[in-house]
Ligand SMILES: [Fe+2]
Ligand SMILES: [Fe+2]
């Protein structure tokens, strides 16, 4: 990397939508999300005016990823059920779907399975905003896509190094850059005006022990990520299964039965070929 300063990297990640290779619809969505005081009505109108986007959002809302018992057929209903923060996250999630598919095969499947696992843990722990945590898990590795787009040659090297050195992608990233995909994802989430608890859960999902504002959300995303890796669903840059941080494990206190149920839900969520989440 030419400049090893965190500020340089942050600036480049935050201006990701200025890249000529970023699709126009993602640019429009990012501009929309950066608006201060965005309302549910504005968001619903924005999604409804774009049939392709509306279809993607409805497909996701009706997938195993949210697990709503009844079918949701309108954007206004979806927006009402999910709430502002979850729908904002979902919008960003579906808009980077194609980029994820193009840039790292398997990352979308990994992300969707994490979303399912996180929702399951949140419900087991009776955490009220399970949809928000689930969307957060969907976006937790979004930083990988942003670094890959900004630093494609270096990221290619990183991906090769994980195999050669048998290290996690997170650890190899830190050898190449002053910050990892977790921080990069947190910067993007902040730029898109996500609430601080979601920014923290994305930014600290590999270091849940330092989360201050949202230790529970961060622990959920951290554990969901590792369980999905252990289950071998999708691909997140390497095939290793890191240890769960003790503080996160102690915070959640999952029983064997609960872990078993999460693993079953992850398995049930594996998409059929050609399906979305
Ligand atoms: Fe990660
Ligand atoms: Fe991950």
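The values are calculated or read from the model by the stated rules, or taken from the named source; none is laboratory data. Values in this document were obtained by computation on a predicted structure and should not be read as measured data. Neighbour counts run over all protein chains shown; Cβ positions are idealised from the backbone, glycine included.
Based on this model, can you work out whether residue 123 counts as over 23 Å from residue 60 (Cβ atoms) and more than 16 Å from ligand 2 (Cβ to nearest atom)? I'd like the intermediate steps shown before the answer.
Details: over 23 Å from residue 60 (Cβ atoms): no; more than 16 Å from ligand 2 (Cβ to nearest atom): yes.
In short, no.
For the stretch 246-262, indicate whether the set of residues that are within 16 Å of ligand 2 (Cβ to nearest atom), assigned to a helix (DSSP H, G or I), within 28 Å of residue 27 (Cβ to Cβ) and out of contact with any strand residue (DSSP E or B) (no Cβ under 9 Å at 6 or more places or on another chain) is non-empty. Give the derivation first.
The initial filter retains those residues of the stretch 246-262 that are within 16 Å of ligand 2 (Cβ to nearest atom), namely 248, 262.
The next check asks that each one be assigned to a helix (DSSP H, G or I); those that pass are 248, 262.
Among the residues that remain, those that are also within 28 Å of residue 27 (Cβ to Cβ) are: none.
So far as the stretch 246-262 goes, no, none of its residues is within 16 Å of ligand 2 (Cβ to nearest atom), assigned to a helix (DSSP H, G or I), within 28 Å of residue 27 (Cβ to Cβ) and out of contact with any strand residue (DSSP E or B) (no Cβ under 9 Å at 6 or more places or on another chain).
Could you check how many residues of the stretch 173-185 are more than 11 Å from ligand 1 (Cβ to nearest atom) and in contact (Cβ under 8 Å) with a residue 40 or more places away in the chain?
Pass one, the stretch 173-185, residues more than 11 Å from ligand 1 (Cβ to nearest atom): 174-179.
Checking which are in contact (Cβ under 8 Å) with a residue 40 or more places away in the chain leaves us with 176-179.
Here the count works out to 4.
Yes or no: residue 222 in a loop (DSSP other than H, G, I, E, B) and either within 11 Å of ligand 1 (Cβ to nearest atom) or at pLDDT below 95 (or both)? Give the steps one after another, and end with the answer.
Numbers: in a loop (DSSP other than H, G, I, E, B): no; either within 11 Å of ligand 1 (Cβ to nearest atom) or at pLDDT below 95 (or both): yes.
In short, no.
This table checks each residue for (1) more than 28 Å from residue 17 (Cα to Cα); (2) within 16 Å of ligand 1 (Cβ to nearest atom); (3) surrounded by fewer than 24 Cβ atoms within 10 Å (Cβ to Cβ).
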| residue | (1), (2), (3) |
| --- | --- |
| 99 | no, no, yes |
| 102 | no, no, yes |
| 106 | no, yes, yes |
| 115 | no, yes, no |
| 139 | no, yes, no |
